[in-house]
Amino acid sequence: MSDRSAPTAATHSPLAALMWPTRPGEAVGALRAIVLIALGTALMALSAKVNLPLPYVPMTLQTLVVLMIGAAYGWRLGSATMIAYLAEGALGLPVFAGPVGGIAPLVGPTAGYLFGFVLAAFVTGWLAERGCDRSVVPLFAAMAVGHVVILAAGFGWLAFGLGLGVAKAWQVGIAPFIAASLVKNALGATLMPAARRIVDRRG
């Protein structure tokens, strides 16, 4: 078992690795990844069902869960979890907002946001592994970057992929989500360092 009291582990290991430490090459490492990915995709599906329908893109809790998974899992496992989530949806499982699965959400108005989840988890996880998950302000900034990535991907797809134009894409794809993104950012940036402090004390 790894030494969780070592400074390098406390600084660079994501929260999930501290809670469930493994050594490279151990069979349990693969089991850990499978279990965490399954848990992460389940949380993504649940967060998609908590939604406020809007004309083009529903408002959900997904972005909060994406960024918390990225921060807790790190960039490798976090982005892998988002890829697995999209794959589940593409295979027809009803994991997206509303009672839907299949390819349609991956080519419709929500496509940019959904694919943006992968990059947002990657970026947030990468920043968290460099210590941004240890206190509120740095993690708020890291999650803000993640939110910008998601919104930019969604905006770009609406404006240019679907041809709505810049003004319309801003109106329906960015403006309604700014306030909610700030609230979710603050919530995630408060919860994650608190959880990490509890784990560090236990270690």
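The values are calculated or read from the model by the stated rules, or taken from the named source; none is laboratory data. Model, not experiment: these values are computed from the prediction. Here the Cβ is made from the backbone with ideal geometry for all residues, glycine too, and neighbour counts use every protein chain on show.
Quick notes on this structure:
- Any hit, the stretch 186-197, residues being within 22 Å of residue 40 (Cα to Cα), basic (Lys, Arg) and surrounded by 16 or more Cβ atoms within 10 Å (Cβ to Cβ): yes
- Residue 47 passes every criterion in (1) within 16 Å of residue 146 (Cβ to Cβ); (2) in contact with a strand residue (DSSP E or B) (Cβ under 7 Å, 6 or more places away or on another chain); (3) touching a residue at least 24 places away in the same chain (Cβ under 8 Å); (4) not basic (Lys, Arg) apart from (3).
To keep it simple, each residue is scored yes or no on (1) at pLDDT 95 or above; (2) surrounded by 15 or more Cβ atoms within 10 Å (Cβ to Cβ); (3) not basic (Lys, Arg).
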site: 37; (1), (2), (3): yes, yes, yes
site: 58; (1), (2), (3): no, yes, yes
site: 85; (1), (2), (3): yes, yes, yes
site: 88; (1), (2), (3): yes, yes, yes
site: 98; (1), (2), (3): no, no, yes
site: 104; (1), (2), (3): no, no, yes
site: 139; (1), (2), (3): yes, yes, yes
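- Residue in the stretch 70-84 that is without any contact (Cβ under 8 Å) to a residue 24 or more places away in the chain and in a helix (DSSP H, G or I) present: no
- Among (1) in contact with a Gly (Cβ under 8 Å, 6 or more places away or on another chain); (2) modelled with pLDDT of 95 or more, the one test that residue 129 misses: (2)
- Between 80, 33, 45, the distinction of being at pLDDT below 95 and either crowded, with 18+ Cβ neighbours inside 10 Å or over 26 Å from residue 107 (Cα atoms) (or both) belongs to 33 only.
- Unmet requirement for residue 70, which otherwise passes all of (1) surrounded by fewer than 18 Cβ atoms within 10 Å (Cβ to Cβ); (2) touching a Ser or Thr at 6+ places or on another chain (Cβ under 8 Å): (1)
- For the stretch 118-137, the set of residues classified as of a type in the set (Ser, Thr, Tyr) and either crowded, with 21+ Cβ neighbours inside 10 Å or touching a His at 6+ places or on another chain (Cβ under 7 Å) (or both) consists of 124 only.
- Residues in the stretch 141-163 that are touching a residue at least 40 places away in the same chain (Cβ under 8 Å), over 14 Å from residue 121 (Cα atoms) and surrounded by 19 or more Cβ atoms within 10 Å (Cβ to Cβ): 154, 155, 157, 158.
- Conditions (1) of a type outside the set (A, V, I, L, M); (2) at pLDDT 95 or above; (3) over 24 Å from residue 79 (Cα atoms): number failed by residue 200: (2)
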